[in-house]
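Novice: Pasting a structure below so you can have a look.
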Amino acid sequence: MTLRLFFQALIKFISGILLVGLLIFLPTGSLSYLNGWIFMCVLFIPIFLAGIVMIFKNPELLKKRLDAKEKQKDQSLVVKLSGLMFLAGFIVAGLGYRFDWYILPQWVTYIASGVYLLSYLLYAEVMRENTYLSRTIEVQENQKVVDTGLYGIVRHPMYSTTLLLFLSIPLILGSVYSFLIFLVYPLIIAKRIKGEEELLEKELVGYREYKQKVKYRLIPFIW
């Protein structure tokens, strides 16, 4: 671990808290939005703990994820669309609280929070199983096909877990209208998966055979 990496991670973490906090609480015009605080906790506490673990156990993985920038034009568009989805979803949830649009019952928030935390644990397991994981689409030096654990169920378990994570966010915030916005995520991620598999088939030895072995991309028995 280096001090530079530590401060880089710390700055991004604090910046994330400030950005998400502004997007959620500024539209509400109030800090009394309980669902917003619950979401901030389930989002940033696991990120903080995961960051601490990576700093000491796998600083290279942390550095790779902090520095990642998508180079492919099509995939860069996917990232931008995802960012727009988050922007719109957070703002709509905040406005929903402010103007008393239909708010989901509080028990939905608690269940969704549990789903989010469980999904985060699955995400951590995916990272443990596949040390070649990257935030960008690329084939790394000496990379091998991983076909065990969650990778033996679906070909893209990282995206499967993010699907659960992201769709639970608007439910934690208690917003039906925000949930409708987040429903575009499966379409966004389907486009990303298509581009990623085209690259992996060309550049990763054994990936074609892996596709024959594991039939489903994202959701078992569905797709």
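The values are calculated or read from the model by the stated rules, or taken from the named source; none is laboratory data. A quick note: this is a predicted structure, and the numbers were derived from the prediction, not measured. Every residue, glycine as well, gets a Cβ built from its backbone with ideal geometry; the counts of neighbours run over all protein chains shown.
Novice: In the stretch 81-96, is there at least one residue being closer than 18 Å to W37 by Cα and polar (S, T, N, Q)?
Specialist: No, the stretch 81-96 contains no residue that is closer than 18 Å to W37 by Cα and polar (S, T, N, Q).
Novice: Another question, if that's okay. Identify the residue in the stretch 88-112 that is of a type outside the set (A, V, I, L, M) and closer than 14 Å to F166 by Cβ and, among all such residues, is surrounded by the fewest Cβ atoms within 10 Å (Cβ to Cβ).
Specialist: G89
Novice: List every residue pair whose Cβ atoms lie under 8 Å apart, where the two residues are 6 or more positions apart in sequence or sit on different chains, the first residue falls within the stretch 110-131 and is closer than 18 Å to I219 by Cβ, and the second residue, located anywhere, is modelled with pLDDT under 85 and small (G, A, S).
Specialist: E125/G149
Novice: Name the pairs: first residue in the stretch 25-44 and touching a residue at least 40 places away in the same chain (Cβ under 8 Å) and farther than 15 Å from Q106 by Cα, second residue polar (S, T, N, Q) and part of a helix (DSSP H, G or I), Cβ to Cβ under 7 Å, at least 6 apart or on different chains?
Specialist: V42/S113
Novice: Output the qualifying pairs, or none if there are none: Cβ atoms under 7 angstrom, residues six or more apart or on different chains, first residue in the stretch 148-167 and within 18 Å of E197 (Cα to Cα) and at pLDDT below 85, second residue of a type in the set (G, A, S) and surrounded by fewer than 19 Cβ atoms within 10 Å (Cβ to Cβ).
Specialist: Matching pairs, first to second residue: none at all.
Novice: Would you mind listing the helices (runs of 4 or more DSSP H) fully within the stretch 1-106 where at least 3 residues are modelled with pLDDT of 90 or more?
Specialist: 3-28, 34-57, 73-98
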